[in-house]
Each structure stands twice: as structure tokens, then as C-alpha cells.
Amino acid sequence: MPKVSIIVPVYNVEKYLDRCMRSLLGQTLKDVEIIMVDDGSPDGCPALCDEYARRDARVKVIHKQNAGLGYARNTGLDVATGEYVAFVDSDDYVDLEMYEKLYVTAIRTESDVVYCGFNRFYSENKVIHYTNVNSEHVYKGEDVNQLLLDFISSSPKCKKDWKYEMSVWHSIYKREIIKENNIKFYSERNYLSEDIPFQVDFLKAANSASYIPDTLYYYCMNNASSLTQSKYSNDKLERSMALYNLLASKTRDFDKECLRAKRFFISYMRAHLYGISAMDIPYNEKIRLMKELNDKDIWKTVDSYPYSALNKNSRLICFLQRNRMYATALFYVKIILFIKSILHK
């Protein structure tokens, strides 16, 4: 049994795949298996995957019809044999000591899952480090449920929307728990995020978790031309609503008012507004999209949230959106995006 199975969905990343694979094949933890899932990639990736398998016996390759990231990860889970499993996006890469550090921590602390910090990679000269803990933290019992909620969003008392940066790629998960509880990824084509429901399902079944401060994963902004790469669409709005309803149903047992799911949804509504503002479309079309975004039934979903507890910026944007002050909201968001673009240069 390998210590860690590393699942790598592959789709249209020919330019970045070698960087990713060199970081995985060079791990200081040698006892790993690397499962490359070719999700019907239209470029040269299928042949590259087969070449890696010929070079190194630890590499397994699965070729499948395209179905998206979430289902590609599920395909990898179906054949994984490791004690723990990890997920890497094929246009990213990892520190050469990442899986040794995570695995050693998991064994020493008897943790079902171990998280680490990560790096947002823009270029060799611009790498931003993100770590949510200053020292190693171990969570047991009820603390695991609290960690679960903090991954969804912060409590109303906290001014920041998230206490922890959350994704499945900066962690390892005990495969036995995934298998026994039949934990699978949802499709990102139906829900705005495939990571968060998986995280919630796993932590609900877990008994312990650890978080280390080391920034070991490199999340690469390969096509990042602006702070708002993703544009707004009605499809994204529908997937946001679907994700909110899913998270609310999964957490209602220990968050009766679904405040974490509601805050998560409110932050996504704000992100949609940013997306509309950044779109290169006529002004009246932006107003039309804001009206679509501002459907009363959508805001009714989260009406019970204590908006007064949000920070001033979030509170003002919510006020402008809910009261249909479209022109003012667009102007305010434009200022925010301009300031952020200067700070991120």
C-alpha cells in the first residue's frame, strides 16, 4: 500500500504538465502512487500521460471521456490504493517535501486529514504566501465540526468572510474514511464549487485533523489577467444557489440557522457583482444583469442573516444590492476593483 495516492486530473494543460509532474515525481516521500486522469484532453496531454507512466512505475494513467474536474477526481479515487489520498491540479505544482511533511504529521498526530498553507504563484518574482495558522494545530472531536464551519465561512462576529482558505489540493485525506463513507465529489457543472461539499462530507466523518503553517502548494495564476477572471452568468447564479442549498442541508444539524452557508452565499453574490462590473459590455447590459442578480427570491433566502455584523465594505455592497441601487453599486465596486488592481501590481 503506498503511503499517499496523488490524483491529478488532466485537461488541456500541455504547457504546464511537466512542471507539475516533476514536482510530484521528485517528492522526498518516495512511496507514492500518482494517478493521472486524462479527462478527454484535446491537446497533447494524453500522450504525455502515457509517457510518464512508461518512465516511472508509480504513475497510473486513466483515459476517460470529458466530464469535468469533480468526476475526474472520483475516477482517481476509484483506483487509489494509498493510505492517504491527495489532489493536485495539473497546472499547479508542489514543494518537493510536501507529502512527506503532511504524511509524517498525519502519523504523528493520528490525524484523518492534514492541511498546509499554500502559495499564490504569479511569476518567479511574485509569489504570495498564505497560511492560516502560525504553528501546528490539532483538532479533535467537536473542534473538527468547528473547523468544518470555518472552512465554509466565518461566524457573523468575524469581519473577514473566511477564517481559512479552503481547497482540497493543500491537504491529504485518509482513504479509509472516504471509502467507508462513500464520499465523492459533486460536479462543478451543477454546483459552483466541487471542493467545499467534499470537504464538508469528509470532516463530518473524521475524528481528527491537523493544520501546519508550511506553505507547500503552489496555486499558479497561469491565465490571471485580472482580479476578476470569471465573468458573471446566469448559470453561475444558479450554481451558487444550488451550492448554498446543498451546504445548508449538510450543516443544519450543528448550524441550525445555516449562518455559515448564508454568509458563504452572500460573499458569492458580491463576487458576482464584481464579475458584472468587470465585464466588457455596455452599461445598460450591466444594469440588466444586476437586476437579474437581484431577484427578490434570492435575497429572501438569506434575509435572516445579521448583516450589521459584516464589515463596512460588505455591508454597504449588500445594502446597495438589496435596495436596487444599481448605478451606485457599480460605481462603488469599480472603485474597489481599481484599488485592488493597484495593490496587486
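Here each label is just a point 7 Å from Cα along the line to Cβ, and for Ile339 and Lys256 those points are 3.8 nm apart.
Structural descriptor for the chain: relative contact order 17 percent, calculated from alpha carbon pairs under 8 angstrom and at least 6 residues apart. For the range 182-194, the Karplus equation 6.51 cos²θ - 1.76 cosθ + 1.60, evaluated at θ = phi - 60°, returns couplings of 6, 7, 10, 7, 7, 7, 5, 7, 10, 10, 5, 9, 8 Hz by residue, with Gly and Pro reported as x. What does a probe at Val79 reach in the range 24-55, counting residues whose amide N is under 18 Å from the point 7 Å along Cα→Cβ? Backbone N within reach: 25, 32-42, 45-55.
Among bridges DSSP assigns within the chain, what percent are antiparallel (round to 5)? It would help to have the intermediate numbers written out before the result.
Numbers: 17 of 42 bridges.
About 40 percent, rounded to the nearest 5.
Please report the relative contact order for the range 190-345, taking Cα pairs under 8 Å with a sequence separation of at least 6, and give it as a percent rounded to a whole number.
Once divided by the residue count of the range 190-345, the mean separation gives 26 percent.
Which shape class, rounded, prolate or oblate, goes with the range 277-336 when its Cα gyration tensor gives a ≥ b ≥ c as root eigenvalues, a/c under 1.5 marks rounded, and past that a/b bigger than b/c marks prolate? It comes out oblate by the Cα gyration axes.
Under a 5 Å amide H cut-off, with hydrogens placed 1.01 Å from N, Val59 pairs with Ile34 among residues at least 5 apart or on other chains.
Among the GluC sites (Glu not before Pro) found in the range 241-345, those both in a DSSP coil and sparsely packed, with 14 or fewer other Cβ atoms within 10 Å of their Cβ, are Glu257. For Tyr115, the amide hydrogen comes within under 5 Å of the amide hydrogens of Ser210, Tyr211, Ile212, counting only partners 5 or more places away or on other chains and with H modelled in the peptide plane.
Note that the range 274-335 presents 56 Å² accessible area per residue, ligands and nucleic acids not counted, probe 1.4 Å. For the range 154-160, backbone phi angles converted through the Karplus equation (6.51, -1.76, 1.60; θ = phi - 60°) give residue-by-residue couplings of 7, 5, x, 6, 8, 6, 7 Hz, Gly and Pro being listed as x. Take each peptide in 270-277, 164-171, count the other Cβ atoms within 10 Å of every residue, and average; sorted highest first, the result is 270-277, 164-171. Here the range 237-300 is treated with +1 on each Lys and Arg Cβ and -1 on each Asp and Glu Cβ, and its dipole about the Cα centre works out to around 220 debye.
Ordering of 16-23, 64-71 by packing is 16-23, 64-71, highest average first (other Cβ atoms within 10 Å, averaged per residue).
With the Cα gyration tensor of the chain giving a ≥ b ≥ c as the square roots of its eigenvalues, does the rule (a/c under 1.5 for rounded; else a/b larger than b/c for prolate; else oblate) give rounded, prolate or oblate?
Cα axes put the chain in the prolate bin.
Of all the accessible heavy-atom surface of the chain, with the other protein chains kept in place and a 1.4 Å probe, what percent is carbon and sulfur?
On the way: 7970 of 15840 Å².
Accessible surface attributable to carbon and sulfur in the chain totals 50 percent.
The modelled label-to-label distance between Ile128 and Met1, using points 7 Å beyond Cα along the C-beta direction, is 4.0 nm. Scanning the chain for DSSP H helices at least 27 Å long along the axis (C-alpha atoms) with a Kyte-Doolittle mean no lower than 0.0 picks out 259-278.
Annotation: peptides 5-11, 238-244, 311-317, ranked by per-residue average of other Cβ atoms within 10 Å with the highest first, follow the order 5-11, 238-244, 311-317.
Springs between alpha-carbon atoms under 10 Å, Gaussian network over the chain: tell me which of Glu180, Glu142, Glu124 tops the mean-square fluctuations. Of Glu180, Glu142, Glu124, the most mobile in the Gaussian network model is Glu124. Working note: 222 nm ellipticity from helices only, DSSP H runs with n ≥ 4, each -39,500 (n - 2.57), summed and divided by the residues of the chain, gives -14000 deg cm²/dmol to the nearest 500. Annotation: amide H of Phe185 within the under-5 Å range of Asn74, sequence separation 5 or more or interchain, hydrogens built in the peptide plane.
The values are calculated or read from the model by the stated rules, or taken from the named source; none is laboratory data. In this text the structure is predicted, and so the values were computed from the model without any measurement. Methodologically, a virtual Cβ is constructed for each residue, glycine included, from the backbone with ideal geometry; neighbour enumeration extends over all protein chains shown. For accessibility, only protein heavy atoms count, side chains too; no ligands or nucleic acids. Shrake-Rupley method; radii C 1.70, N 1.55, O 1.52, S 1.80 Å.
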